[in-house]
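The values are calculated or read from the model by the stated rules, or taken from the named source; none is laboratory data. Since the model is a prediction, treat every value here as computed from it, not as a measurement. Note that we place each Cβ from the backbone using ideal geometry, even for glycine, and neighbour counts take in every protein chain shown. Only protein heavy atoms, including side chains, enter the accessible area calculation; ligands, DNA and RNA are left aside. Shrake-Rupley method; radii C 1.70, N 1.55, O 1.52, S 1.80 Å.
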Amino acid sequence: MEVTKKLQKLSLAALIVSLLPLATLVPVFLKIALPDGVRTVWAVCNIVLVLSGLLLSVICVKSEESRSGVNIMSTIISVVLALMMLGIVALALVLNFLQ
């Protein structure tokens, strides 16, 4: 009982951590230009948040008794963001080799 309660809190934390990288869109929508240093720090934070959200989501989904819609949603969000990051890195590598 206590383990499932801890996993429920962990799944909520995983969902919040998975959604935090979407805060990057706020300056875009408000048309705010950020300095280079802030953009770099923000990018590193996004990478850390996506990877930690993915790790927390996988931990929660791995247990069958704690599997819920929140866990599955946070896992899907984290996987999509991780795939986007990998795609951006792959695109940068391909464009670098084409030049």
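Every residue, every condition in (1) closer than 28 Å to LYS5 by Cβ; (2) open to solvent by less than 90 Å² (accessible area, probe 1.4 Å), yes or no:
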residue: SER52; (1), (2): yes, yes
residue: LEU55; (1), (2): yes, no
residue: VAL61; (1), (2): yes, yes
residue: GLU64; (1), (2): yes, no
residue: SER74; (1), (2): yes, yes
residue: MET84; (1), (2): no, no
residue: ASN96; (1), (2): no, no
residue: GLN99; (1), (2): no, no
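Of the residues making up the range 5-40, those that are exposed (fewer than 12 other Cβ atoms within 10 Å of the Cβ) and either aliphatic (A, V, I, L, M) or touching a residue at least 60 places away in the same chain (Cβ under 8 Å) (or both) are LEU25, VAL26, VAL28, LEU30, ILE32, ALA33, VAL38. Being out of contact with any strand residue (DSSP E or B) (no Cβ under 6 Å at 6 or more places or on another chain), of a type outside the set (D, E, K, R), closer than 19 Å to GLN8 by Cα and touching a residue at least 24 places away in the same chain (Cβ under 8 Å), is that true of even one residue in the range 79-98? Within the range 79-98 (the criterion being out of contact with any strand residue (DSSP E or B) (no Cβ under 6 Å at 6 or more places or on another chain), of a type outside the set (D, E, K, R), closer than 19 Å to GLN8 by Cα and touching a residue at least 24 places away in the same chain (Cβ under 8 Å)), the answer is no, since none of the residues qualifies.
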